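Take a look at the structure set out below.
The values are calculated or read from the model by the stated rules, or taken from the named source; none is laboratory data. Predicted model, so just to flag it, every value in this text is computed and none were measured. Here Cβ is always computed from backbone atoms with ideal geometry, including for glycine, and neighbour counts include all displayed protein chains. Quick note on the areas: whole protein, heavy atoms, side chains included, nothing else; ligands and nucleic acids left out. Shrake-Rupley method; radii C 1.70, N 1.55, O 1.52, S 1.80 Å.
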Amino acid sequence: MKKSFAPFFYVVSMFGILMGFYTIERIIYYVWNHHGFAEARTSDILLAFAHGLRFDIYALLFINIIPLILSFITLERIQKKQIEILKFLILIPNAFFIAINQIDVEFSNFAGRRMTLGNLHILTEAQGKISAFFMTYGFLMATHILLMILFIYTAWKLAAYFKNNPVYLKPVIYGCILVLIIPLIALGARGGLQRKPLSITHAIIFDGSYLNQMVLNSSFTVLRGKNSSQLKEKKDFKDFVELKPFLNGFAADQTNWKENFSINKTNIVLIIFESLSQDYIEFTPFLKELAAKGLIFTNNYANSRRSIEGISSILAGIPALMSDSYVTSPYFNNELRGLGTYFKNIGYETSFFHGGLPGTMYFDQFTKKAGFDKYYSSDDHPHPKDSDGFWGIYDEPFLQFALTEIDKMKKPFVSGIFTLTSHHPYKIPEAYKDFPKGKIPILQAIYYTDHSLRKFFETAQNKPWFKNTLFVITADHTSLPYTEEFDNSLGRFRVPMIFYHPTFSDWPKINSHKLTQQVDIMPTLLDMFKIQDSNRNLFGKSIFNDKPSEVTLLNDQTYYLVNNKYAVEMRPGHKTLTFNIEKDLKFKNSIENNLELEKKLKATIQYYNNGLIENSLYLK
């Protein structure tokens, strides 16, 4: 006697259709981000698609496990109702995850990686801006909407088909199908025959970050990346005493800086320029003028790829060496000594300005923890008409507003200012639409922000506090590479760093091409103001320290330790490699492994991981 098993075949059919949709989304990801695959071989692209299938199977099994189990057993008299229930159990979660994958086609450019549960908060910052997104991403969004409509229509029509067309089989044949399919489901849920269940680490197959990101899908990274900020204890060194000499900040007290800016109660204005790569410096004529009068470091590295991570590197000297940001991690309640913390202790007033929405990237929470008592956002700006319609207030009016508020502050002060307009979609005021354009869209916005900084300084130079103020200018992270020199794993981290003082010119002799990084800013300022803390963290050191430097970076689950000549690359499941970056910036040919640099990298990772786990970065 035959029975109908239509619900089971409906779910299996929808699973196959969903696999097709995920492949289409991967194709869209490839086309939209084609700049990242310029050097990829066709064979590698095809291999990325092939490897991506097991991540798709895993994610779809995870999302659809309930309707799949419910479809195994059925009674003919309730099949139509069962299929109707299964339709919604499939439609609702899968529509959500398809939308996440669609958003991530562009969002991954901001984050430098696929979305995880820890950064889903970015979706809340898009409230009220749907029309603006349509204007900027019209074609992409139209494509995604059509695909979503097609998915919903397919699920609906297929459900109607199986309700009206029962699938009859002998129970024994159906049983044999289940016997065959259940082990395959178990294998797919594990992600393959490898020793450990499938994880994000298994997607690190290629040298190129974009290829590895294309292997993944955003459903997988949201589902499996939820504990990515939970660090693992390291035991390469038996204790802190053993690893300390290998840290970049060891012997940080060695300095050529003789002045003490705290005697004159020198003010500090720290400007963080959104997405300013060293690659774009030709589009910042004003910054070049400032650099000529002060100090600029052209071999300077951002310790992160995202704004939410860059701010902790700059304001607290903590690099981004875990998958999620410090501020969204379980360690945010740890002890933190930020720039504001130190300067408040010697009588400075502290403030921070960002023209974005209140709470954007948790800047308000982080800056408060880093010792900045006052926080100003777009809500504090008196003229809402100055909004860009996307993220907040245009740079020129907001920088002028910041000056107005700084004027009211008790002197001396430390103020941080984070620019906004050079954030995608790079919209600038209509009055400046004729500003120079470059080969990539961000360059006109960079030129506009540089113009806004010029206007800021033109106003500031008439303020009584201006001549007694140290200005520090850097960037949170880079954006797309513009020239060949920066189109490599390390070039995508290089941002400028400038120190300028209107009335001080007796700078120590220093090599402007020396290796520096964001986490050096705080120890440099502590050095310049002679603020002592024997227990400060040891990631960075003063730029006036002549001890050779190393920069530690994390990109796409891969650690790098870089000095002036070599780079060590360490990734899970792979042999540690060393490259001569003077000759091989593309990391094509590894050389004999540099064991000393490998030790320094392991020491930094252990100090970071164990220090956050044990809340012991500031050792007593």
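Looking only at residues in segment 234-278 that are part of a loop (DSSP other than H, G, I, E, B), of a type in the set (Val, Ile, Thr) and open to solvent by 10 Å² or more (accessible area, probe 1.4 Å), the one that is nearest to SER534 (Cα to Cα) is THR255. In segment 461-483, the residues that are in a loop (DSSP other than H, G, I, E, B) form Cβ pairs under 8 Å with partners that are of a type in the set (Lys, Arg) and buried (at least 17 other Cβ atoms within 10 Å of the Cβ), at six or more places apart or across chains, as follows: ASP476/ARG306; HIS477/ARG305; HIS477/ARG306; THR478/ARG305; THR478/ARG492; THR478/ARG494; PRO481/ARG492.
Could you say which residue among PHE21, PHE97, PHE107 is under 28 Å from LYS586 (Cα atoms), of a type in the set (A, V, I, L, M, F, W, C) and within 31 Å of the chain's Cα centre (by Cα)? Outline the logic, then answer.
Values: PHE21 fails: under 28 Å from LYS586 (Cα atoms); PHE97 fails: under 28 Å from LYS586 (Cα atoms).
Result of the check over PHE21, PHE97, PHE107: PHE107.
Would it be correct to say that ILE314 is of a type outside the set (Lys, Arg), open to solvent by less than 20 Å² (accessible area, probe 1.4 Å) and in contact (Cβ under 8 Å) with a residue 24 or more places away in the chain? Yes: the conditions hold for ILE314. The residue that is nearest to THR524 (Cα to Cα), counting only those in segment 543-594 that are assigned to a loop (DSSP other than H, G, I, E, B) and of a type in the set (Ser, Thr, Tyr), is SER549.
Taking the stated definitions as given, is LYS80 on the phi < 0 side of the Ramachandran plot, in contact with an Asp or Glu (Cβ under 9 Å, 6 or more places away or on another chain) and either of a type in the set (Lys, Arg) or at pLDDT 95 or above (or both)?
Values: on the phi < 0 side of the Ramachandran plot: yes; in contact with an Asp or Glu (Cβ under 9 Å, 6 or more places away or on another chain): no; either of a type in the set (Lys, Arg) or at pLDDT 95 or above (or both): yes.
No; evaluated as a whole, the condition is false for this residue.
So that you can scan it fast, the table gives a plain yes or no per residue for (1) open to solvent by 60 Å² or more (accessible area, probe 1.4 Å); (2) at pLDDT 85 or above; (3) assigned to a loop (DSSP other than H, G, I, E, B):
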position: ALA142; (1), (2), (3): no, yes, no
position: LEU158; (1), (2), (3): no, yes, no
position: ILE177; (1), (2), (3): no, yes, no
position: LEU180; (1), (2), (3): yes, yes, no
position: LYS196; (1), (2), (3): yes, no, yes
position: HIS202; (1), (2), (3): no, no, no
position: TYR210; (1), (2), (3): no, no, no
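Taking first residues from segment 272-293 that are of a type in the set (S, T, N, Q) and partners that are in a helix (DSSP H, G or I), the Cβ contacts under 6 Å between residues at least 6 apart in sequence or on separate chains come to THR284/ASP450. Check whether at least one residue in segment 461-479 is under 26 Å from the mean Cα position of the chain (by Cα), open to solvent by 10 Å² or more (accessible area, probe 1.4 Å) and farther than 26 Å from GLY317 by Cα, and report yes or no. No, that holds for no residue.
Just one of the listed residues (LEU538, LEU515, LEU553, LEU526) is aliphatic (A, V, I, L, M) and open to solvent by 20 Å² or more (accessible area, probe 1.4 Å), namely LEU538.
Among the candidates SER489, SER512, single out the residue that is hydroxyl-bearing (Ser, Thr, Tyr), in a loop (DSSP other than H, G, I, E, B) and over 23 Å from the mean Cα position of the chain (by Cα). First the steps, then the outcome.
Values: SER489 fails: over 23 Å from the mean Cα position of the chain (by Cα).
One residue alone meets the criteria, SER512.
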